[in-house]
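To start, the structure under review is shown below, and the notes come after it.
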Amino acid sequence: MVSAIHILNASDIGNDHLELIARRVQETFATTTDISDRPFNLSRAYDSSRGQYNSTVLLAELLNSSPPAENKLIAVVDVDLYIPVLTFVFGEAQLNGRAAVVSVQRLSNEFYGLPQDEKTTFRRLEKEIVHELGHTFGLFHCRRYDCVMRSSTYVEEIDLKGVEPCESCRTALKGVRWNPS
């Protein structure tokens, strides 16, 4: 039974910005959500040949440094993530697990040489946090273009989807047993 979701901020984003996202997470998953600063040792995850950080290694670091509990954990980082079979990922989560990680690096316009747009960056971050947490609650990728659980390969695809799960994904979430506080 999940009693809380903890958003662990290991990025340069201020917690005040994450508060709005935490409210959305709390509404979507009907459970207590909080934010705290969380430094990580990123060096183990760094691959110098790629110049990126292995998100699976960061998930393991997150789990190993957190006491076992009935809580979900999602770390927000600002480094470029990858998994070995993909060029990059926006985030990664354990399906039906406790942990997820999301990076703001490729969510910002500046990464693509475009003018800064904080509003767009935070909207993308909100969607990706909800998406990855959805996986921890057992949701798979959805085929609906506007569902937050739709897989996104490019930021433009993130921009097209909504911030909420579609009706089908919401129904699947209702079938998940957890203990909202």
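Coordinate-derived values only; no laboratory data. What you are looking at is a predicted structure, and each value in this text was computed from that prediction instead of being measured. As a convention, Cβ positions derive from the backbone with ideal geometry for all residues, glycine included, and neighbour counts pool all protein chains shown.
Of (1) in a helix (DSSP H, G or I); (2) surrounded by 15 or more Cβ atoms within 10 Å (Cβ to Cβ), residue 144 satisfies all except one. Which?
(1)
Condition first: among the hydrophobic types (A, V, I, L, M, F, W, C), out of contact with any helix residue (DSSP H, G or I) (no Cβ under 7 Å at 6 or more places or on another chain) and over 19 Å from residue 137 (Cα atoms). Can you find one or more residues in the stretch 63-73 that meet it?
So far as the stretch 63-73 goes, no, none of its residues is among the hydrophobic types (A, V, I, L, M, F, W, C), out of contact with any helix residue (DSSP H, G or I) (no Cβ under 7 Å at 6 or more places or on another chain) and over 19 Å from residue 137 (Cα atoms).
Can you pull out every residue in the stretch 59-94 that is hydrophobic (A, V, I, L, M, F, W, C) and in contact with a Phe, Trp or Tyr (Cβ under 8 Å, 6 or more places away or on another chain)?
Of everything in the stretch 59-94, those that are hydrophobic (A, V, I, L, M, F, W, C) and in contact with a Phe, Trp or Tyr (Cβ under 8 Å, 6 or more places away or on another chain) turn out to be 62, 75, 77, 79, 81, 88, 89.
Of all the residues that make up the stretch 111-138, how many are aromatic (Phe, Trp, Tyr) and in contact (Cβ under 8 Å) with a residue 60 or more places away in the chain?
So the answer is 2.
Consider only pairs whose beta carbons are under 8 Å apart and that are at least six residues apart or on different chains; among these, list those whose first residue lies in the stretch 48-70 and is surrounded by 10 or more Cβ atoms within 10 Å (Cβ to Cβ) and whose second residue is in a helix (DSSP H, G or I).
Close Cβ pairs satisfying both conditions: 53/45; 54/45; 55/45; 57/44; 57/45; 58/45; 61/44; 61/45.
Residue 28: of a type outside the set (Lys, Arg), assigned to a strand (DSSP E or B) and either surrounded by 15 or more Cβ atoms within 10 Å (Cβ to Cβ) or at negative phi (or both), yes or no?
So residue 28 fails the test.
Given the options 128, 132, 157, name the one that is crowded, with 21+ Cβ neighbours inside 10 Å, under 16 Å from the mean Cα position of the chain (by Cα) and more than 22 Å from residue 65 (Cα to Cα).
128
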